[in-house]
Amino acid sequence: MNTTVKIKGMSCNHCVMAVTKALKAVDGVREATVDLAQGQASVEHDNPLDMAQIKQHVEKAGFELD
Ligand SMILES: [Cu+2]
């Protein structure tokens, strides 16, 4: 499955790496590809995404869901 997640607050490649790492750490996530210009991430996962956990990880990394 693939879900697009909107993320606020990313401004550079360092942010992209932090968000990528945070998303990949969520249970069931296989791959995460962050698009800085679009302010979003494409997340590949096995089970339906646990958005609460996505939110928690993104916020812990210092960003917000849009
Ligand atoms: Cu940055």
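Values quoted throughout were computed directly from the atomic coordinates according to the rules given, and no laboratory measurement underlies them. Values in this document were obtained by computation on a predicted structure and should not be read as measured data.
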TODO: Measure nothing but the geometry: give the 0 to 90° angle between the long axis through the Cα atoms of 51-60 and the longest principal axis through the Cα atoms of the chain, rounded to 10°.
DONE: 30
- [ ] Provide, as a two-decimal number, the C-alpha radius of gyration of the chain over 2.2 N^0.38 Å, N being how many residues it has.
- [x] 0.95
- [ ] For residue 65, list long-range residues whose amide hydrogen, built 1.01 Å from N in the peptide plane, is under 5 Å from its own amide hydrogen.
- [x] 8
